[in-house]
Amino acid sequence: MSVPIYDSAAPSPSVLRDARATWRKRSLLRVLVARDLAVRYKRSVLGVWWTLLNPLLETAVLWMVFSQVFRFAVPGVPYVVFVLSGVLLFNCFRQTLLGVAASMFLHADLLSKVRVAPAVFSVSTVGANLITFGFTLVPLALVMAISGVAPSPAAPLVIVVVLLLAAFAFGLGLALAPIVVRFPDTLDLLAICVTMIGYLAPVFYPPDIVPQRFQWIVHLNPIYHAVTLFRELLYGHGLGDPLSWLALVVSAAVALLVGHAVHNALRRGAFTVL
Amino acid sequence: MSDEPAIRLTGVGVGYRLARHGPSSLKAFAVELTRRHVRYERLQALTDVTLEVRAGEILGVVGGNGAGKSTLMKAIAGILPPTQGRVVTHGHVAAMIELGAGFSPDLTGRENIVLYGALLGRPPALMRARLEEIAAWAELTEFLDVPIRTYSSGMLARLAFAISIDDSPDVLIVDEILAIGDAEFSVRSGERMDALMRGGAAVVLVSHDLPALAERATRAIWLQRGHVMLEGDPVAVTEAYAAARHVAPGGEVNAS
């Protein structure tokens, strides 16, 4: 094994080198993800079962609100399935973005005492959120079964959509993380922005209720493409619009590259401002 | 490792930007920015520090509060990137500064040993193998499966110490020769620390206990206001520092 060398004057590593370094730290990441999940559910009496019950209860609330109170006519599929698939995916995006943005701030004390790359906590937040999202697929499958909606043969491909959306959220969060250390109220503003993005995407309303002249705004939103692809693959008939795939891949790649660059530029200064 | 010293600092300076009157929220910052009001005070914690520590050497560091000792330790540990100059270290670095940061109160002792070790850069598999021994050393075997929020502060300190000391670093940074726990444990931890320091690593030892430092260090520096005032034989440096402290009892060279 080579001797680890720390050189403060070394230039910031490229995305690829950082990705490789992160991969080498996967055993640490596994421990951190396990900690995130354990801390999240350890305090509850039900323990691990809470991971299943929590999305189930959330689903019940959503089902109440959106099938009894609000009602939109959605072609081809019961509204509950439509809204649930959208809201669960959007919640995953929301939690990943907010979690990554807060990750450095939440570990500020630790980061000023132990030498760990701040990005380690961002990556582990994404991991924990993806696992939690995996659990929420169980109640979604249940609701689909009850509503008599058959999953599409292409359903396993939703994993790709979720990963791309998570990468998009990760990139954005990475750029914001050092800013949140300096200005914690950025998180509040971010939460408002994310809610706005959510309303601008057809998460709980059908896309065609948006007037034609505003459709382009909807189409600029990566969330629109993610949600549309997710639904198409889950219970639709095709493999999704290639343009939506392209939009999602490009958004994720750009977010990762820009997020990485901004993070590296701001990271050094984040802890020397008192 | 060839001729390269384990620790090399060249012209290292660390400046903090002090936003004492500045905004601490994004909204305020935006408002101030439009009024062109954003100002920072600079606080130079460390200025032009050049030093080398080779494997087997113990560099003692003395200085009053606010002299830059903590900043120096964090710069060498790679926690704080220097704003001027360059820090290079070779090998696995262990910094025994403010132990226990990174513990998760809701997790058990067992889980925290693996977690804390992993954060310090040690493989989780290794930590799992060493777990029982670490717990035994900290005298916490029977509390291993209890969430550590139920631990006393003494128990936490013992656990953190036992995990940190279970290591064979190439670069070791020590903040005070810690006296932890009761008399018996304190003696044991002191001995363990001495053994670790004499284990061939390049050691930086910061301490207010001047006789203890003079006895252990092979070389010493005296820091004042971020500058290296004196470097050389530990006895000579500690004596010079002690003499200066007596001359100016109210000044900032006054050790706490």
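The values are calculated or read from the model by the stated rules, or taken from the named source; none is laboratory data. Model, not experiment: these values are computed from the prediction. Please note: Cβ atoms are built from the backbone with ideal geometry, for glycine as well, and neighbour counts cover all protein chains shown.
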Got a sec? Which of B:Arg35, B:Arg54 is surrounded by fewer than 20 Cβ atoms within 10 Å (Cβ to Cβ), of a type in the set (Lys, Arg) and closer than 18 Å to A:Asp7 by Cβ?
B:Arg54
Only one of B:Val228, B:Val171, B:Val206 is of a type in the set (Val, Ile, Thr) and within 14 Å of chain A (Cβ to nearest Cβ); which?
B:Val171
So is B:Ile79 facing another protein chain (nearest Cβ under 7 Å), in contact with an Asp or Glu (Cβ under 6 Å, 6 or more places away or on another chain) and hydrophobic (A, V, I, L, M, F, W, C) or not?
no
Just name the residue that is modelled with the highest pLDDT out of those in segment A:111-120 that are buried (at least 16 other Cβ atoms within 10 Å of the Cβ) and within 10 Å of chain B (Cβ to nearest Cβ).
A:Val120
So, B:Leu99, is that one farther than 24 Å from B:Glu184 by Cβ and in contact (Cβ under 8 Å) with a residue 12 or more places away in the chain or not?
no
In segment B:87-133, what residues are in a helix (DSSP H, G or I), aliphatic (A, V, I, L, M), more than 9 Å from chain A (Cβ to nearest Cβ) and surrounded by 23 or more Cβ atoms within 10 Å (Cβ to Cβ)?
B:Ile113
Please state which one of B:Leu43, B:Leu80, B:Leu33, B:Leu51 is part of a strand (DSSP E or B) and at pLDDT below 90.
B:Leu43
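Out of B:Leu46, B:Leu140, which single residue is of a type outside the set (Asp, Glu) and more than 14 Å from chain A (Cβ to nearest Cβ)?
The conditions single out B:Leu140.
Of these, B:Glu184, B:Glu191, B:Glu176, B:Glu215, which one is away from chain A (no Cβ under 14 Å), under 16 Å from the mean Cα position of the chain (by Cα), among the acidic types (Asp, Glu) and surrounded by fewer than 21 Cβ atoms within 10 Å (Cβ to Cβ)?
The match here is B:Glu176.
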Among residues of segment A:204-250, those that are under 20 Å from A:Thr96 (Cα atoms), surrounded by fewer than 22 Cβ atoms within 10 Å (Cβ to Cβ) and modelled with pLDDT of 85 or more, counted
4
Any residue in segment B:54-62 that is assigned to a loop (DSSP other than H, G, I, E, B), more than 21 Å from B:Val228 (Cα to Cα) and facing chain A (nearest Cβ under 9 Å)?
no
Being within 14 Å of chain B (Cβ to nearest Cβ), hydrophobic (A, V, I, L, M, F, W, C) and surrounded by fewer than 20 Cβ atoms within 10 Å (Cβ to Cβ) is the filter here; which residues of segment A:251-274 pass it?
A:Ala265, A:Leu266, A:Ala270, A:Val273, A:Leu274
